[in-house]
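*Asks:* What follows is a structure written as C-alpha cells; I'll ask about it next.
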Amino acid sequence: MIRLGLYGCGRRTQALLDALWKDEFYTVTRAFDLNKSSAEALVKKYSGSVCSTPEELLAAKDVDAFLISLSPLAHAEVLKSVIPAGKPIFIEKPVGFTGQEVFELALLAEKYSVPVQVGFMRRYLPSTLEALDYIKQHDGGRLLSVDCNWFHHGATEMNYCLWQSPDNFRMKVSQIPFHCCHMLDIMLLVGGDVKKVSALTTKVIDRPYPSPDDLIANIEFAGGTTGRFHYSSMVHYGEMSYRFHFENYSLRLEMNSHNLQINTKPRFHTSEWGPRPEDPSTNFAGQYEKFAQPRSINYDFDQMSFTSENIMYDFVKTVRDGAPVAANLRTAAKVQGFAEAMELSGKLGGKVIELDENGIPLK
C-alpha cells in the first residue's frame, strides 16, 4: 500500500483521496496544511498524523509519495522544495504561471529522477478518452484544424469573490492559465507542439479580475495544423467544446451536453458521388451526407467522478509500478507557455508570439 504525504488538505485533496479510498491502493501517513485544523480534520477522517512544518513532512520516513494541492500561487515554490525529497509527486494544476518557470521545475525533477504528475483532469474524462482513443485507432490522414471554445458567465465567479470570498486567489489569477489549461492540454495532445500564436483581447467591464473578458487566438502548430481558441466570460451560457478536423473524419466534443460526435468521410468514390454522378438529378450533398452520418455517443453520467478515479489510478501505477507519467512537467511547461503566449499577444495588440521547442514564448 502506498503511503501518502499530503501538502495541502483542502476539498480537492479529499476528492482525490475519495476516488479509490476503499481499494486500499494508498493510505495517508502524514499531512501538512498552514491551516492546522484542516490537516487535523483530514487525518481524523482518513488516517495519519499532522506535521507541524513542511520540513517535518518532507523528512518523514513513512511516506512513499507526495500529493500537493494548494492555492496555485504557491504550487511552484512548494514543488521546488518537495522534489529534492526524491519521491513521486502528484501536483494540482497550474504548476506555475510561465512556461519557463515550469520548465525549470521539469529539469529539477529530472535531475532528482522524480516522476511528477500534473492534475490536468479533463484529459481523463471518459468522453475525452474516447475521442483520443478514436484518433489513435483510426487513420485520420492530415490534421487540418483544432477549434476550441471555453465560454462561461464570469459574473457569477466575480460576484462570489466580491461578496463572499474577497481574499480568494481567483481574484489574482487569470482564467486562461488557471482553468483553461485543461483545454489547452487537450489541444496540445491532439495538435502537437505550438509554433506561433496571435491573439486579440477585449476588456468590457471595469472589475478587479485579471482575466480578459474575451480572447480569440489564432494558432499555428509545428506540424502545420491551424487552430483557434476562444475564451469568453461575457456570454450568457456555458460552452466547452472541441472540433478536430482530419482529412478522413471530424470529431465534435461537447462537454456541457456530454456528447461526442464522429463524422467520417465516405470511404469510396461511389459513396461520395453516387453511382451516376453525371445524372442531372443527382443530389451530391444528400449523397455525401448519407455516408457521413455521425456516430454519436452520449455520456449521461457524472464524468467527474470517473476523472478523479482515472487520475488517482494513473498515479498509483506510477508509484507502484514505475509507469511513465503522461501529464508530466514538460507537458505542463508547454501548456503554461501556450497560455502565456496568448495573453502576451493580446496585451501587445495581436503581435505574433513564437514558441521554442520546449513551449516557451520567445519574447
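*Asks:* Please list the equivalent ellipsoid semi-axes of the chain, computed as the square roots of five times the alpha-carbon gyration tensor eigenvalues, in descending order and whole angstrom.
*Replies:* Over the Cα atoms of the chain, the semi-axes work out to 40, 24, 20 Å.
*Asks:* Another question, if that's okay. So if I take the alpha carbon set of the range 202-331, get Rg, then get Rh from the Kirkwood formula, what is the Rg over Rh ratio?
*Replies:* Rg/Rh for the range 202-331 comes to 1.10.
*Asks:* Hey, can you rank 264-277, 328-341, 47-60, 67-80 by average C-beta count inside 10 Å, highest first?
*Replies:* 328-341, 67-80, 47-60, 264-277
*Asks:* How large is the Kirkwood hydrodynamic radius of the range 49-150, in angstrom, based on all distinct alpha carbon pairs?
*Replies:* 16.1 Å
*Asks:* If we count every other residue with Cβ under 12 angstrom of Phe103's Cβ, Lys/Arg +1 and Asp/Glu -1, where does the sum land?
*Replies:* Value of the local net charge: -4.
*Asks:* With θ set to phi - 60°, apply the Karplus curve 6.51 cos²θ - 1.76 cosθ + 1.60 along the range 297-311 and write out the HN-Hα couplings as whole Hz, x wherever there is a Gly or Pro.
*Replies:* 10, 9, 10, 8, 7, 6, 5, 5, 4, 5, 4, 4, 4, 5, 4
*Asks:* Name the residues whose placed amide hydrogens come within less than 5 Å of the amide hydrogen of Phe90, ignoring near sequence neighbours (fewer than 5 apart) on the same chain.
*Replies:* So Phe90 has HN proximity to Phe66, Leu67, Ile68, Gln117.
*Asks:* Taking all pairs of different Cα atoms in the range 174-218, averaging 1/r and flipping that mean, what Kirkwood radius in angstroms comes out?
*Replies:* Value: 11.9 Å, from the Cα pair sum.
*Asks:* Treating the angle as unsigned and between 0 and 90°, give the value, to the nearest 10°, between the Cα long axis of helix 181-191 and the longest Cα principal axis of the chain.
*Replies:* Here the helix axis deviates by roughly 50 degrees.
*Asks:* Seen from all sides and averaged, what is the projected area of the convex hull of the Cα atoms in the range 314-363, in nm²?
*Replies:* 3.9 nm²
*Asks:* Equivalent ellipsoid semi-axes for the range 1-57, as square roots of 5 times the alpha carbon gyration tensor eigenvalues: give them largest first, rounded to whole Å.
*Replies:* Working through the eigenvalues yields semi-axes of 18, 12, 9 Å.
*Asks:* Here's a follow-up. Step through the residues of the range 222-237 one at a time and calculate ³J(HN,Hα) from phi using the Karplus curve (6.51 cos²θ - 1.76 cosθ + 1.60, θ = phi - 60°), rounding each to whole Hz and writing x for Gly and Pro.
*Replies:* 4, x, x, 5, 9, x, 9, 10, 10, 10, 8, 9, 9, 6, 10, 8
*Asks:* Mean-square fluctuation check for the chain, GNM, Cα pairs under 10 Å: which of Asn283, Asn218, Asn149 is largest?
*Replies:* Evaluated over the chain, the most mobile residue of the options is Asn283.
*Asks:* Something else about it: Report the net charge of residues surrounding Ile89, where surrounding means a beta-carbon distance below 12 angstrom and charges are Lys +1, Arg +1, Asp -1, Glu -1.
*Replies:* 0
*Asks:* Are there chymotrypsin sites (Phe, Trp or Tyr not before Pro) in the range 101-201 that DSSP marks as loop and that have at most 15 other Cβ atoms within 10 Å, and which are they?
*Replies:* Details: sites: Phe103, Tyr112, Phe120, Tyr124, Tyr134, Trp150, Phe151, Tyr160, Trp163, Phe169, Phe178; in loops: Tyr112, Phe120.
Those satisfying the criteria are Tyr112.
No value in this document is a laboratory result; all are computed from the given coordinates. This one's a predicted model, so the numbers in the text were calculated from it and none came from an experiment. Ideal geometry is used to build each Cβ from the backbone, glycine not excepted, and the neighbour counts take in all protein chains shown.
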